[in-house]
Every structure is written in C-alpha cells, then in structure tokens.
Amino acid sequence: MDKDAFKNAASKFPTGVVVAITNHDNTWHGMTISSFTTISMDPLIVMISISKKAKMHNILMNPKNSKFSISILTENQKELSNQFAGKKSEIIDKNINKYISNPEDGYTVLNGSMSYFLCDLDEAYNKGDHTLFFGKVNKSWSSNDNRKPLVYYSRSYPQLIINED
C-alpha cells in the first residue's frame, strides 16, 4: 500500500489537538499529539500515541518519568501547537514559561487550555512505529467558558463552527 495515500486518507479524519508534557532531568518536555482518547471510566484511563522517532517517546519510556499531563488546546493556541509539533524543539525553553503553570507537584500544563488531565503512566504498548501510552488520570480540569477547541483536519487547522440548534 502507498503510505502517502494512507496518510492522505487518515488526514480526512478531524481530531482535537493536545500537548503532552513531562519532566526529564529537571527539564520540561512537550509534544503536540493528535492521537488522544479516553479509554476507561473505571479506572480513569487516557491514551496517547507517539512515534518511536520522537524525543518524547524515549523520555516517556524512561522508568524515572512516570508523570505526564495532557492539555487540550483552544483554537487560539495554534502557535503553541506548531511549536510543540517540531521534532527538534520538544524542550520547553525559558521563553515558554509564561505559557505554563504547575497545578500540582510533578506536573505542568499549558495555560489557556480548554481542559487538562494529570496522569501517571500506567502502561506502554508497542505497535508498529508507534507506542501507545496509557495514563491513569489523577486529576482533570475543564474551563466553563465557550472557547472552541483547536481542530486538525487535512494538515491544517480549520475553524470549528458550532450550530446551536
């Protein structure tokens, strides 16, 4: 099968955009992820899929890194999504500190996100060129306002129109 045809077909599925963040050797690392889902309500489990080529993959595979957060982005956070999508810049530098906060010890999240999940790594499952990381959710938060989520579709960020009928 042609991999480009596969990628093109998969790009037609709209997804929300999240940033996963973890700490390694006292440095925060973040990565944009479009493959995120909730898995279980009992216990509360979420899942992210990360390429084995990504720096974040090796960081999460390290047994010392058991905590990570997931921030669900708003449509106004395209720049942050793009920043964390680059393979060469997954380290959160000093300039990004104005965009992050630490809601609990050992976790950091993106300010202005629609919601977040604070997770402990529960399990990692290797499949093909990706690993599925399952996180046990210790805390979640969501905003009460009417901001719209950032959506990724066909390799771009279209505006989500909400019909309130």
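Examine the stretch 79-88 for a residue that is over 23 Å from P158 (Cβ atoms) and touching a residue at least 24 places away in the same chain (Cβ under 8 Å), and state whether such a residue exists. Yes: the stretch 79-88 contains one or more residues that are over 23 Å from P158 (Cβ atoms) and touching a residue at least 24 places away in the same chain (Cβ under 8 Å).
Within the stretch 127-157, the set of residues being touching a residue at least 40 places away in the same chain (Cβ under 8 Å) and over 17 Å from the mean Cα position of the chain (by Cα) comprises D129, R147, S154.
The residues listed here are I50, I39; of these, the one that is under 17 Å from the mean Cα position of the chain (by Cα) and over 20 Å from S81 (Cα atoms) is I39.
The residue list K52, K12, K3 contains one member that is charged (D, E, K, R) and free of Cβ contacts under 8 Å to residues at least 60 places away in the same chain, which is K3. Taken as a whole, the stretch 18-28 holds no residue that is in contact with a Leu (Cβ under 8 Å, 6 or more places away or on another chain) and surrounded by fewer than 17 Cβ atoms within 10 Å (Cβ to Cβ). Among the residues of the stretch 150-162, some residue qualifies, meaning at least one is modelled with pLDDT under 90, outside any strand (DSSP E or B) and over 23 Å from K7 (Cα atoms). Among residues of the stretch 116-129 being in a strand (DSSP E or B) and touching a Ser or Thr at 6+ places or on another chain (Cβ under 8 Å), the one that is surrounded by the fewest Cβ atoms within 10 Å (Cβ to Cβ) is Y125.
The values are calculated or read from the model by the stated rules, or taken from the named source; none is laboratory data. Because the structure is predicted, anything quoted here is derived from the model rather than measured. As a convention, Cβ positions derive from the backbone with ideal geometry for all residues, glycine included, and neighbour counts pool all protein chains shown.
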